[in-house]
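Input: a single structure, listed below in structure tokens.
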Amino acid sequence: MEPTKARERWMRVDIITAVPQLITPVIEASILKRAQEAGAVEIVVHNLHDDGLGNYSQIDDIPFGGGAGMILRCEPVFACVERLQAEREYDDIIFLTPDGERFTQSIANELSLKRNIIMLAGHYKGIDQRIRDVLVTREISIGDYVLTGGELPALVLLDAIVRLLPGAMSDSESALLDSFQSDLLDAPHYTRPAEFRGNAVPEILLSGDHKRIAAWREATALKKTQERRPDLLA
Ligand code: ADE
């Protein structure tokens, strides 16, 4: 089924990164592209080097006080963010960082209601604290592990948010029945053939009795949640 056309663009997301080549191909080859074509979202990727300093377009520098690694400088980030802010008001400027609040479905739901957001992908320890103090309004982690940069986390947020936007997905892919939207994990799914290498599809799914099928799905989802994620039921 064709995605329904959103009447007006729902959301704009600006992603600021020193490595746009990590982000752009994913946007081009996923539901994110279709969501843009359907008018649900506009995604704009900004290369920090475009606002770099001097002939070498410098964006980072050695840390005051010594230590290993380079620190992202204030100037390129402020230049990029302030140029965007001159054009529209942003609801949130999100910095992806392992010491941020843990990303959940409910944060995705909340962010999907915003109009304009900026995501800043930086490097852990490697970003001048004044960027966080002055510009950033929200800091989000995608889990308790450290990645080399915020680009993959930004894509994780983007994917989780955009699929919730009206017009982003066809009805058959509706996000409303997902695991986590209902606080229950998803029930198992099957398609043809009804038997594969001696493994049969549960009989009830072939019965045509939609009431009993719905009850089976709910009971199976509940059992799976009790076994795997009892914390979701608590
Ligand atoms: N940058 C590096 N690791 C990260 C994580 N786990 N979540 C968000 N941003 C990060």
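Every number in this text was worked out from the coordinates using simple rules, so none of it is lab data. It should be emphasised that the depicted structure is a prediction, and the values quoted were computed from it without experimental measurement. Cβ atoms come from the backbone with ideal geometry, glycine included; neighbour counts cover every protein chain shown.
A few notes on this one:
- Cα gyration tensor category, rounded, prolate or oblate, for the range 52-146 with a/c compared to 1.5: oblate
- Amide H partners (placed H, <5 Å) of ASP178, local residues excluded: none
- For the range 177-233, radius of gyration divided by Kirkwood radius, i.e. Rg to Rh on alpha-carbons: 1.03
- If you take the Cα centroid of the range 34-63 and the Cα centroid of the range 125-144, the two points sit 17 Å apart.
- Database remark: amide H of GLY100 closer than 5 angstrom to the amide H of SER141 (H placed geometrically; neighbours at sequence offset of 5 or more, or on other chains; Pro and chain starts carry no H).
- The residues neighbouring THR225, those whose beta-carbon lies less than 10 Å from its own, together hold a net charge of 0 under the Lys/Arg +1, Asp/Glu -1 convention.
- Only helices enter the 222 nm calculation for the chain: every DSSP H run of n ≥ 4 contributes -39,500 (n - 2.57), and dividing by all residues gives -8500 deg cm²/dmol, rounded to 500.
- What the Kirkwood sum gives for the range 92-192 is a hydrodynamic radius of 15.0 Å, with every pair of different alpha carbons counted.
- Long-range amide H partners of ILE15 with built H, under 5 Å: VAL44, VAL45, HIS46, MET119
- D (Stokes-Einstein, µm²/s), Kirkwood Cα radius, the chain, 0.692 mPa s at 37 °C: 162 µm²/s
- Tilt relative to the chain, helix 210-228 - C-alpha long axis, 0 to 90 degrees, to 10: 50 degrees
- Net charge of neighbours whose Cβ lies under 12 Å from the Cβ of PHE103, counting Lys and Arg as +1 and Asp and Glu as -1: -3
- Relative contact order, whole percent, for the range 89-139 stands at 63, derived from Cα pairs under 8 Å and 6 or more residues apart.
- Per-residue HN-Hα couplings for the range 143-159 [Karplus 6.51, -1.76, 1.60; θ = phi - 60°; Hz; x = Gly/Pro]: x, 7, 7, 10, 9, 6, x, x, 5, 5, x, 4, 5, 4, 4, 4, 4
- Other residues within the sphere of radius under 12 Å centred on the Cβ of ARG130, judged by their own Cβ, net out at -1 (K and R +1, D and E -1).
- Derived scalar couplings ³J(HN,Hα) [the range 114-119; Karplus, 6.51 cos²θ - 1.76 cosθ + 1.60; whole Hz; x for Gly, Pro]: 7, 9, 9, 9, 10, 10
- Note on the chain: with a GNM built from Cα contacts shorter than 10 Å, the maximum mean-square fluctuation among THR191, THR137, THR24 falls on THR191.
- On Cα atoms only, tilt of 74-85 relative to the major axis of the chain in degrees: 60 degrees
- Per-residue Cβ neighbour rank within 10 angstrom, fewest leading, MET169, MET70: MET70, MET169
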